[in-house]
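Let me begin by presenting the structure, written as structure tokens, before commenting on it.
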Number of protein chains: 2
Amino acid sequence: MENEEGKGEEADRLSLRSLGASFFSETERTMEILVVKTAGFCFGVRRAIDTTFAIAEKRHQGVFTFGPIIHNPQVIEKLKEKNISPTDDVSYEDIRALIIRTHGVPYQLMEDARRRGYDIIDATCPFVKKAQHYAKLLREEGFQVIILGDKEHPEVRGLMSYAGEDAIVTDEKGDLPDLKNRVGVVVQTTQPVEALKKLVSRIIEQSKEIKVYNTICNSTALRLKETEEMAGKVDVMVVVGGRNSANTTQLAHLCASLPVRTYHIETADELDRRWFDGAERVGITAGASTPEWIIDDVRERIKDIGGREGDGT
Amino acid sequence: MENEEGKGEEADRLSLRSLGASFFSETERTMEILVVKTAGFCFGVRRAIDTTFAIAEKRHQGVFTFGPIIHNPQVIEKLKEKNISPTDDVSYEDIRALIIRTHGVPYQLMEDARRRGYDIIDATCPFVKKAQHYAKLLREEGFQVIILGDKEHPEVRGLMSYAGEDAIVTDEKGDLPDLKNRVGVVVQTTQPVEALKKLVSRIIEQSKEIKVYNTICNSTALRLKETEEMAGKVDVMVVVGGRNSANTTQLAHLCASLPVRTYHIETADELDRRWFDGAERVGITAGASTPEWIIDDVRERIKDIGGREGDGT
């Protein structure tokens, strides 16, 4: 009897849900929504975006970013409306002002741009600048430089220009060639610290003098850590951010490897109420390139589906 | 029937064995004796011992070594016969010449000895000298120095004197206190490389700039490797060397952790024929402080028991 009663209640609830979240009364059991504290823009990205939008207010033509300012299509779209577009050609004749994004650029490219006489707004993340500086320093001190990172990533391509001709780029899984006796290490700022530990262990087997600059940015590590913790407390994780953002994708992979239902979306429009069937708690996280307004949109839309704000992370 | 015949043969063999090895005929099955290639004196120890015996030939009084020249009681005994004794007091008035052993000494002690005007023969292992040099260099460059090693070992006490007041000594299991941002590592020459990897992984979690001088001596690593390989091929391992030799004890612990019968002896006199019952192959290894004549003695005595020379390692 109890069972049958239970089924009846469940059926009622399902029919309510199918009518939309606004039909849930205050006393009805609804999903709790939790947002990872460090979700979204990191210090360097916020600085670059604020700078770019400030320039958009003042100058209305000839402003370009070198490559997309961040890996987030929605932000790029907003900037296009304000006449700021990405370019990958520093010699493009329409350029009056060029904004260098957080990832930085190879130093040759910066020199080339400087020779052209237009304004350069260098929004390279200060932590990336530091990694570039250390790559150069290690090279000048005669170390063979090893960069831990993704060799296709713009930040790493920038680092390579400072690291010298015998520099090696490798990731966690990559093979190491025969190394010299004196080896220096710098790290793409968004790499996980475990990858650095593994790399250094492998270098110790070959080289006698090893200098490691741990240039990993704490904000990435912290975001990963908090995301992992939240994934352990919720039924569904929604990862918000550009599909072309390595940072966001890393969060999505992390969650997908854990026992939690994981969905990676770029905007709230992609949300599907069926994802939340039976869920009591839902967690939201977002990469360093995801703006707050997109995270807010996602939270609001989940509220519409039947969620209510939780007490933070 | 076959089984019974087998038993009869086995009984014959056992009775022969109880009569002593000389009763074995050439065609009788005997134990193969294998000696680890890198067993015994390493480069630094050979150099120190050769130097010391050469001095013994020329000078007949007032020659002392600072502490036992090596951790091998039999060698110390031989030197005493030649009037060379260990002392732990550089101010001892009978000293005319002082030999510094492979482990080296704290630099304050060396300076103290120098002020006293007697001859100093510095037989510090060149690899230990290098580690001392790097400890000093790291300190001068403003790094907090971490020494991986056994803080009671004379080599480490020497390194500490070069490493500065905020230096830390730790082994694989030791806790790490809060570290500074810039940390430099030197290693007791006889440490295993795995311990260095683990230590550096732990440092990476705390510090941002890490300089590692891998001062581990290859000869120790190679001797451990070859000993481990041999232990996999024989029924009995005999580890030869001073019980006060960390180096030899490390080999004995390694073998004891493997599926092979292991015996640690200082001299051939300790050999017991019962250890070799049923053994087809016996392996001999020895620490860096074990002289060749002791290893030869052991080999000969095992031959007497019923062994025959194998084809090297």
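The values are calculated or read from the model by the stated rules, or taken from the named source; none is laboratory data. Keep in mind that what you see is a predicted model, and the values were worked out from it rather than measured. We place every Cβ from the backbone using ideal geometry, glycine too, and count neighbours over all the protein chains shown. Quick note on the areas: whole protein, heavy atoms, side chains included, nothing else; ligands and nucleic acids left out. Shrake-Rupley method; radii C 1.70, N 1.55, O 1.52, S 1.80 Å.
When you look at B:ARG157, is it assigned to a helix (DSSP H, G or I), touching a Lys or Arg at 6+ places or on another chain (Cβ under 8 Å) and either more than 20 Å from B:ALA252 (Cβ to Cβ) or open to solvent by 10 Å² or more (accessible area, probe 1.4 Å) (or both), yes or no? When the stated conditions are applied, B:ARG157 passes them. Out of curiosity, is B:GLY184 open to solvent by 10 Å² or more (accessible area, probe 1.4 Å) and either within 14 Å of another protein chain (Cβ to nearest Cβ) or modelled with pLDDT under 95 (or both)? When the stated conditions are applied, B:GLY184 does not pass them.
Among the residues of the range A:195-210, those identified as part of a helix (DSSP H, G or I) and either touching a helix residue (DSSP H, G or I) at 6+ places or on another chain (Cβ under 8 Å) or at the interface with another protein chain (Cβ under 8 Å from one of its Cβ atoms) (or both) are A:LEU196, A:LYS197, A:VAL200, A:SER201, A:ILE204. Of all residues in the range A:211-220, exactly one satisfies the criterion of being hydroxyl-bearing (Ser, Thr, Tyr), at the interface with chain B (Cβ under 9 Å from one of its Cβ atoms) and open to solvent by 10 Å² or more (accessible area, probe 1.4 Å), namely A:THR215.
Of all residues assigned to the range A:262-282, none qualifies as being away from chain B (no Cβ under 14 Å), closer than 29 Å to B:LYS208 by Cα and assigned to a helix (DSSP H, G or I).
When A:LEU176 is tested against (1) within 12 Å of chain B (Cβ to nearest Cβ); (2) outside any helix (DSSP H, G or I); (3) of a type in the set (A, V, I, L, M, F, W, C); (4) open to solvent by 10 Å² or more (accessible area, probe 1.4 Å), exactly one condition is not met: (1).
Total residues in the range A:293-313 satisfying the condition of being out of contact with any strand residue (DSSP E or B) (no Cβ under 9 Å at 6 or more places or on another chain) and either touching a residue at least 60 places away in the same chain (Cβ under 8 Å) or crowded, with 21+ Cβ neighbours inside 10 Å (or both): the figure is 1.
For A:PRO68, the stated conditions hold: it is at pLDDT below 95, more than 30 Å from A:GLY278 (Cβ to Cβ), open to solvent by 30 Å² or more (accessible area, probe 1.4 Å) and in contact with a strand residue (DSSP E or B) (Cβ under 7 Å, 6 or more places away or on another chain).
Total residues in the range A:93-130 satisfying the condition of being of a type in the set (Asp, Glu) and either open to solvent by less than 10 Å² (accessible area, probe 1.4 Å) or in contact with a strand residue (DSSP E or B) (Cβ under 8 Å, 6 or more places away or on another chain) (or both): the figure is 3. For the range A:251-275, taking the residues that are over 18 Å from A:GLY232 (Cβ atoms) and either touching a helix residue (DSSP H, G or I) at 6+ places or on another chain (Cβ under 7 Å) or β-branched (Val, Ile, Thr) (or both), the one that is most open to solvent (accessible area, probe 1.4 Å) is identified as A:ARG273. Looking at A:ILE147, is it open to solvent by less than 70 Å² (accessible area, probe 1.4 Å), assigned to a strand (DSSP E or B) and away from chain B (no Cβ under 14 Å)? So A:ILE147 passes the test.
Kindly indicate the residue of the range B:221-247 that is in contact with a Pro (Cβ under 9 Å, 6 or more places away or on another chain) and either part of a loop (DSSP other than H, G, I, E, B) or open to solvent by 10 Å² or more (accessible area, probe 1.4 Å) (or both) and also nearest to the other protein chains (Cβ to nearest Cβ) among those meeting that condition.
Going through the qualifying residues, I end up with B:ALA221.
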